[in-house]
1. Quick check on the stretch B:45-142: take the gyration tensor over C-alpha atoms, sort the square-rooted eigenvalues as a ≥ b ≥ c, and tell me if it's rounded (a/c under 1.5), prolate or oblate.
2. For the stretch A:155-194, just list the percent of Cα-Cα distances falling in each 10 Å bin from zero outward, please.
3. Which whole-Hz couplings ³J(HN,Hα) result when phi for each residue of the stretch A:339-347 is put into the Karplus expression 6.51 cos²θ - 1.76 cosθ + 1.60, θ = phi - 60°, listed in order with x for Gly and Pro?
4. Near the amide H of B:G195, under 5 Å away, which other amide H atoms are found, from residues 5 or more places off or on another chain, if H is placed in the peptide plane?
5. Just to verify a number: FRET efficiency for B:E168 and A:T327, C-beta to C-beta distance, R0 = 35 Å, to 0.05?
6. Give the residue from B:P181, B:S219, B:A28 lying farthest towards the positive end of the charge dipole for chain B; charges sit on Cβ (+1 for Lys and Arg, -1 for Asp and Glu) and the dipole is referred to the Cα centre.
7. Using only atoms on other chains, find how many Cβ atoms lie within 10 Å of each Cβ of peptide A:130-140 and report the average.
8. Using only Cα atoms, find the angle between the long axis of helix A:27-53 and the longest principal axis of chain A, and express it within 0 to 90 degrees, rounded to the nearest 10.
Amino acid sequence: MEQEDRHWERIPKINHELLAPLLVTHWTYFLLIGVLACLVAAGAGAWTYQVQTGIGQTNLHPPIFWAVYIASFIFWVGASHSGTFISGVLRLTKAEWRRPVTRIAELMTFISLIIATLFVFYHLGRVWRWYYLIPYPNQREMWPNFRSPLMWDATAVFTYATASTIYLYLPLIPDFALLRERIGGWRKPLYRVLSLGWTGTQNQWQILETAMRIITPLIVMVMISVHSIVGWDFGVSLVPAWHSTIFAPYFVVGAVHSGMGLVAIGLYVLRKIYRLDDYITPEHFDKLAKLMLVTTLSLAYLYFAELLTIWYANIPDHMWVVDALLTGPFAVPFWFMATCIYILPLATLTNPAFRQWPLGVMIIGVLINIGMYIERVLILVPPLSYPRLPFNWGSYFPSWVEMTIIVGSLALAVLLYALAVKIVPVISIWEEKE
Amino acid sequence: MSEEKKTHKWEMVIDLDRCTGCEACVVACHAENNVRISGEDEAAQGRAINWIRIERYWEGEYPDVRTRFMPVLCQHCDDAPCEPVCPVYASYHTPEGLNAQVYNRCIGVRYCGNNCPYTARQFNWFDPHWDEPLAEQLNPDVTVRQNGIMEKCTFCVQRIRQGKERAEKEGRPVRDGDITPACVQTCPTSALVFGDRRDPDSRVSKLARQDRAFHLLESVGTHPAVTYLKRLT
């Protein structure tokens with residue numbers, strides 16, 4: 001213990017500055033919490049209303065059976081790729097600049113997955129029978145159907161949620177131990193439990209490092225499989241313009257693309273509020289912007305490959321969808337989306353001076369996320385609007401219940417994040433010290 | 001009994017040359033199967049539930065316009081795209097080739113609705129409602145479907161059961177024409193024919209062997225149990 005104390009004395013600055021977010025609370029924080037709580041309450045009210053009266057409170061109708069709830073599910077699962085990619089891939093490749101960014105991104109993963117799971121429940125027609133999806137022993141000897149991509153999905157998301165929770169938690173243990181010693185009050189017993197009796201012996205460090213070495217490659221594989229499986233929800237179906245082999249890689253890259261954008265937003269906001277300028281430097285934004293550039297180009301390439309093959313083959317069922325996107329009723333959102341996720345990132349992030357500008361990178365992150373959300377809606381609605389028998393063509397715009405639930409869920413995500421920064425140090429203290 | 005089960009394969013033939021687009025089949029189906037009555041608002045939202053519908057297509061430019069009618073119902077595909085995607089086995093293939101929907105099992109994920117190339121599947125967005133006195137004529141043999149579940153044409157499975165039970169009681173095999181779904185029974189021009197495709201002498205088998213026969217969206221590879229006869233006139 002004593003030895004550790006002396007260890008801290010050498011770096012009191014890090015401790016002081018990185019613990020500050022947990023100890024100092026500005027009045028605007030309570031204001032933010034209040035506003036978010038109101039939005040969450042509105043969303044909860046809308047969902048209650050939908051469950052009581054019927055899923056008809058959405059604007060869904062045949063042939064459009066899936067729309068913004070599933071788009072939001074994809075979006076949030078995608079958002080969860082921020083943490084895994086940043087910390088997993090960068091840990092594997094030993095990119096040392098990741099250190100101050102890791103925790104911020106991993107917390108996003110954890111919270112995004114909670115929100116994504118909620119959207120599955122909003123979507124169900126009979127949510128009170130949701131447990132039919134669980135393989136539990138029952139009198140009728142009925143099991144879920146593991147041939148269904150939705151079961152693959154449930155399994156994958158559950159695995160991912162478990163793994164990313166462990167992945168978030170493991171490197172938190174030394175920090176929890178530090179907090180146990182440093183912070184009193186209501187959080188002390190919590191930290192005592194969470195730190196699992198960590199005292200910082202050589203043996204414990206070795207075990208932790210081994211655990212991280214094992215789980216890091218595993219979680220990267222889980223990450224790739226999860227969004228592939230979400231992509232296969234569409235890819236394996238018969239729906240024109242869904243039935244495509246490109247969906248799995250396309251979804252994975254798209255998820256990382258929006259995840260990077262989210263990390264840029266999170267980095268900027270936390271840096272601003274908690275004055276972490278010494279830890280999160282323009283260099284971090286530069287590195288992040290380069291990664292965003294890579295995902296922009298990869299995604300644009302995959303998108304082009306998909307559209308080209310459909311357009312060249314000119315199969316009518318598929319072309320109805322592509323025409324609707326490029327020049328038809330969905331052209332405005334489509335080109336807006338393309339501007340947000342391809343054109344603007346390419347125009348700005350290729351400029352080295354721009355990449356050093358945190359606010360600019362953050363704005364591109366916001367645009368990418370708006371664009372990627374629209375992109376997910378465009379994956380769902382246009383193909384479903386043009387079924388093979390033209391008699392059944394339809395159109396769709398979300399109802400107020402759907403929009404309230406979506407806004408409420410976004411507010412819940414931010415709320416959870418705001419609460420989490422009061423329990424978890426947003427920058428991994430021990431990794432920063434190393 | 002199980003031997004006999006294997007010997008049936010229920011199929012339908014729809015002669016487009018005979019269909020006048022009168023929609024009597026739609027009304028009969030509503031009455032027989034307790035299909036909810038949708039109001040004007042619901043219909044405008046595209047939520048009117050019909051287990052069978054008459055698709056109407058226009059051919060040519062005004063004034064040389066021709067109307068084409070095509071009754072479309074669940075095609076009871078042999079390789080039904082709606083079945084494997086259901087996470088809870090609510091969409092299920094019976095040994096007699098029917099594509100059944102188990103209402104109590106359905107939790108309303110609606111993947112089946114997306115994956116059906118014929119848009120045959122209909123969803124209950126709210127609890128059903130019948131204006132008086134229509135509520136007095138509900139068919140006691142058919143479940144009333146509640147809010148949040150998928151439903152669709154069953155080939156009048158209750159009539160198939162009754163027909164088989166009657167035949168069993170009388171100690172004889174099911175004869176061609178014993179079983180008629182409501183739409184088939186009511187069609188004034190006999191455009192719809194129903195029967196056992198395993199019986200080579202049944203009307204449905206004879207008609208399905210005609211040169212005019214085709215399947216809807218055959219290229220999708222769903223192997224539908226509904227055969228259409230091409231319109232020649």
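1. Values: a/c = 2.09, a/b = 1.31, b/c = 1.60.
Since a/c reaches 1.5 but b/c is at least a/b, the shape of the stretch B:45-142 is classed as oblate.
2. 30, 37, 24, 9
3. Per-residue couplings from phi come out as 5, 5, 9, 10, 5, 5, x, 5, 5 Hz.
4. The answer is B:E11.
5. Details: r = 61 Å, r/R0 = 1.74.
In this case the efficiency is close to 0.05.
6. B:S219
7. 2
8. That works out to roughly 30 degrees.
Only the coordinates and a few stated rules stand behind these numbers; no lab work does. Source: prediction; values computed, not measured. Reconstructed Cβ throughout: ideal geometry from the backbone, glycine too, with neighbour counts over all protein chains shown.
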